[in-house]
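Q: My structure is below; once you've seen it, I'll send some questions.
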Amino acid sequence: MEALHSLHRKLLILQVERDTKKMVMYLVSLARISMTILVTGEDRMIRNVLILFFLCVFAVPALGGETLISESMLRFEPFQIRSDNKGNVWAAYYDIGGGLRVRNIKSGKELLMNEGGEKFSKGLALNVQGDHVFVSWVEKIDSRKLLRFRAIHDGGETLSEPLILDDNATEALTRIKIQSTPGGDVIVLWYGEKVVGKSRWNVWASSSHDDGKTFSSPVMLTEGYLHSIYPTLLVEGGQAYTFLYSQREGDRKHVMIFRKTGDGGRTWSNISEIKEIGVVTLFVEPFKVGSRLHVFWFTSYEDVRVIETAYSDDEGDTWTTGFIEDTRGLDLGLFDVAHDTKGHIYLALSGKREGEKKARVYTVVSADNGTTWGPLTNLRNYPYDHTKAVSPSVAATPEGAVAVVWVDYRNIRSNIYMQYSTDSGRTWQNKDMPLEEPGRFNTRLRLLDHSLTFSGGHFYVLASRLHGDSEAGGSSLIFLDFNLQNGGAQ
Amino acid sequence: MKKLFPCIGLCLVLLFVTACATSGIPAKSSLSDDLGSPEKTALLRERADNFWSALSNEEYEKVYYLYDPFFRSVTDINSYYGTMGKVKYHNFNITDVKVEGNVGFITIDVVYSLPKVKMRIQEFEVPPTEGAFTEKWLYIYDNWYKEFYIHMIEMGTAEY
């Protein structure tokens, strides 16, 4: 038993030091010892202790995997892809040295945004507005946190000087949002951990009215509320909206709150509460279809999880809320939303129900701008459930076509698969389409951000691909693109 | 010297024929999209037979390369050697082979034993004993591989 304790201690040290190779060696040693004991049918207590050790140890590949991912994340993650309706497609990512790079996919032009940064950069928000590209990130210098902003103009010809939007006054964290208007307004919204009153986390905004050349001082958007942790921002038709998951100061109940601005962020409306809600674990960006303003969130009431919806037809004065009932009880992994201009809303989500071992990818479609919802539909065409399908991302065209990409493990290695509908989500293809050679690579989509975008008749996917079968071997950032011309995918 | 030319010529012809033969062999196509054809099932049986033959014969290098690439990517062969040889496998019989896409199931009867081994103050020994179980195999791009999996905690190195 002492030997086992010793091995376990070494494993914990190695886990901290992130030495995967040695960890696996120790793991194999434990496997050998346990095999011997199991084969001999030795003492039950020893067996149970071994199980406990294995649980700790095998958290090592699992945690070690996550840790290694976060190490390799420094190379690319977070990465984002954005496009506009003029065919501009841009990607932003971190290189291996921590450089934050922005790349025009079509021209191949690439710019380093945080050149000369004093210390470690992290977090990322990217927004494209015609020939302008706006990027924001956090630079941490010891305990000081700077919120940085930089703009690209003229389609990549001009790079503005980097700005500091906040010098530790809000203690900015990495959840940052940027939205802009064609008229030159740029709003940056983020959450920070500067304690204000009893509130540990608060959401702040800063705005520009000259295409990101100058910015206002940060304004706190969550006065009177506590612990707001999921900043959201939508700019549409000259209005900007934010929805925030907060707690009331008085009774500490969770509420979804709402604010808007009609002057590019110079002034914000008073906070209004949409409703009291459960515990929110994931959030979706709000969106607007026609004059209807929507927001969805994933929540749980008394431990039963469900996607909740809210929409307003009067710019946020009154709200209609509801649930997507088919998602009730689903252990949701991730979800993503897209819409066209005719009132079709497409939800793509991954999750599993109680008793299921592997996650599936589903869609839910509304054909009446979110008033009613169709059934939860399993998107994957595969007869066996030994493997999982996760991380869906969805994008729609104005003409009623919609495509969903996801990470599928049917080939054991993770591959990007695609499904599409050309009739606004009523029917889908009989066969899922791999976007790469099945089983050859381990490719993954970015979590918690759109990995798929549509621009100029093409769908673009941004993904990372491992160089082997282990996180330790490094990875490459890859683009995939396809279109749905001539009735099929190309 | 005159005798040398025919030899050189023969070598060149052989080299040419070998090169043609090599380049003429079509690359083995992936069966990743195959849900369970007889060909894919037969290949699984062959690979499982190779694995258990190698294990019975203590040919651990062969065994190592029949494990899934996720396991091999984090465990080098020398580390693996250190874990082997304690349990002896005397005989095996594959009784069932089932393929569901890229996951295969081999049902097998095995006779194993554990020669006397001392761990600290305790000694263990198992005489030749019969066992039967079903193990999982994974078809990964070009072939079937045995999944490295520890049943005690229901966890392996391939995450799918």
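Q: Spelling out what I want: for every residue of the range B:30-43, take phi, set θ = phi - 60°, compute 6.51 cos²θ - 1.76 cosθ + 1.60 (Karplus), and round to whole Hz; glycine and proline get x.
A: For the range B:30-43, the Karplus-derived couplings read 6, 9, 4, 7, 7, 7, x, 5, x, 4, 5, 5, 5, 5 Hz, x marking Gly and Pro.
Q: Ok, one more. So for the pair B:I121, A:T427, with labels modelled 7 Å out along Cα→Cβ, what separation do we get in nm?
A: The modelled label-to-label distance comes out at 7.6 nm.
Q: Quick one: P(r) of the range B:31-148 from all Cα-Cα pairs, 10 Å bins, percents rounded to integers, in order of increasing distance.
A: Percent of pairs per bin, in order: 13, 40, 33, 11, 3, 0.
Q: Let me ask another. How about the range A:193-273: which trypsin sites (Lys or Arg not before Pro) there lie in a loop by DSSP and see at most 15 other Cβ atoms within 10 Å?
A: On the way: sites: A:K194, A:K198, A:R200, A:K213, A:R248, A:R252, A:K253, A:R259, A:K260, A:R266; in loops: A:K194, A:K198, A:R200, A:K213, A:R252, A:K253, A:R266.
Here the trypsin sites (Lys or Arg not before Pro) that fit, given the DSSP loop and packing criteria, are A:K198, A:R200, A:K213, A:R252, A:K253, A:R266.
Q: List the residues, sorted by chain then number, that are 5 or more residues from A:R200 or on another chain and whose placed amide H is less than 5 Å from its amide H.
A: Amide H to amide H, under 5 Å and 5 or more residues apart or across chains, A:R200 pairs with A:H227.
Q: Also: So which of A:K122/A:K145; B:K88/B:K118; A:K140/A:K194; A:K194/A:K260; A:K288/A:K352; A:K352/A:K388 end up more than 18 Å apart by C-alpha? Intermediate values should be presented prior to the final figure.
A: Working: A:K122/A:K145 10 Å; B:K88/B:K118 16 Å; A:K140/A:K194 14 Å; A:K194/A:K260 23 Å; A:K288/A:K352 29 Å; A:K352/A:K388 9 Å.
As for pairs spanning more than 18 Å Cα to Cα, those are A:K194/A:K260; A:K288/A:K352.
Q: With each pseudo-label sitting 7 Å past Cα toward Cβ, what's the A:S291-B:I153 distance in nm, one decimal?
A: Result for the modelled spin labels: 6.0 nm.
Q: While we're on this one: For a quick check: with amide H placed at 1.01 Å from N, whose amide H comes under 5 Å from A:G474's, ignoring anything fewer than 5 positions away on the same chain?
A: Correct list: A:H467.
Q: For A:D368 and A:K260, what is the calculated FRET efficiency with R₀ set at 30 Å and r taken between the beta-carbons, to the nearest 0.05?
A: Working: r = 24 Å, r/R0 = 0.81.
Working from the Cβ atoms, E equals 0.80.
Q: In percent, how large is the relative contact order of the range A:336-445, given Cα pairs closer than 8 Å and 6 or more residues apart? Before the final figure, lay out the partial values.
A: Numbers: 264 pairs, mean separation 23.5, N = 110.
Reported relative contact order: 21 percent.
Q: Moving on to the next point. Using the alpha-carbon centroid of each, what span in Å lies between the range B:87-160 and the range A:398-416?
A: Distance between centres, Cα-based: 34 Å.
Q: Subtracting the Cα-Cα distance from 0.36 nm times the residue separation, let me have the gained length for A:K357 to A:D314 in nm, one decimal. List each step's numbers first, then the result.
A: Working: separation 43, 0.36 × 43 = 15.48 nm, distance 4.35 nm.
Extra length available between A:K357 and A:D314 comes to 11.1 nm.
Q: Rounded to whole Hz and in sequence order, give me ³J(HN,Hα) for the range A:185-192 from the Karplus expression 6.51 cos²θ - 1.76 cosθ + 1.60, θ = phi - 60°, writing x for Gly and Pro.
A: 7, 10, 10, 10, 10, 8, 10, x
Q: Follow-up. Between A:H153 and B:E130, how high is the FRET efficiency from 1/(1 + (r/R0)^6) when r is the Cβ-Cβ distance and R₀ = 60 Å? Nearest 0.05. Mind showing how you got there, number by number?
A: Details: r = 76 Å, r/R0 = 1.27.
Result of the calculation: an efficiency of 0.20.
Q: Taking the Cα centre of the range B:31-148 as origin, work out the dipole magnitude from +1 charges on Lys and Arg Cβ and -1 charges on Asp and Glu Cβ, in debye rounded to 20. Mind dumping the intermediate values first?
A: Numbers: 13 positive and 19 negative charges, 102 e Å.
Using only the charged Cβ atoms, the result is roughly 500 debye.
Q: Suppose R0 equals 25 Å; then what is the FRET efficiency for A:E236 and A:T281 from their Cβ-Cβ distance, rounded to the nearest 0.05? Present the calculation step by step, with values, prior to reporting the outcome.
A: Details: r = 26 Å, r/R0 = 1.04.
Here the calculated transfer efficiency is 0.45.
Q: Okay, next question. Work from the charge dipole of the range A:90-276 (Cβ charges, +1 for Lys and Arg, -1 for Asp and Glu, about the Cα centre) and give the residue of A:S121, A:G184, A:I152 farthest towards its positive end.
A: It is A:S121, whose Cα lies furthest towards the positive end.
Q: Determine the dipole magnitude for the range A:182-241: charges of +1 sit on the beta-carbon of Lys and Arg, -1 on that of Asp and Glu, nothing else is charged, the reference point is the Cα centre, and the result goes in debye to the nearest 20.
A: It works out to roughly 340 debye.
Q: If you plug each phi of the range A:403-420 into the Karplus form 6.51 cos²θ - 1.76 cosθ + 1.60 with θ = phi - 60°, what whole-Hz ³J(HN,Hα) values come out, in order, with x for Gly and Pro?
A: Listing the rounded values in order: 10, 10, 10, 7, 9, 10, 9, 4, 9, 6, 6, 7, 10, 8, 10, 9, 10, 8 Hz.
Read-outs: derived from the displayed coordinates by stated rules, not from any lab. From a predicted model like this one, the values you see are computed outputs, not experimental measurements. Neighbour counts run over all protein chains shown; Cβ positions are idealised from the backbone, glycine included.
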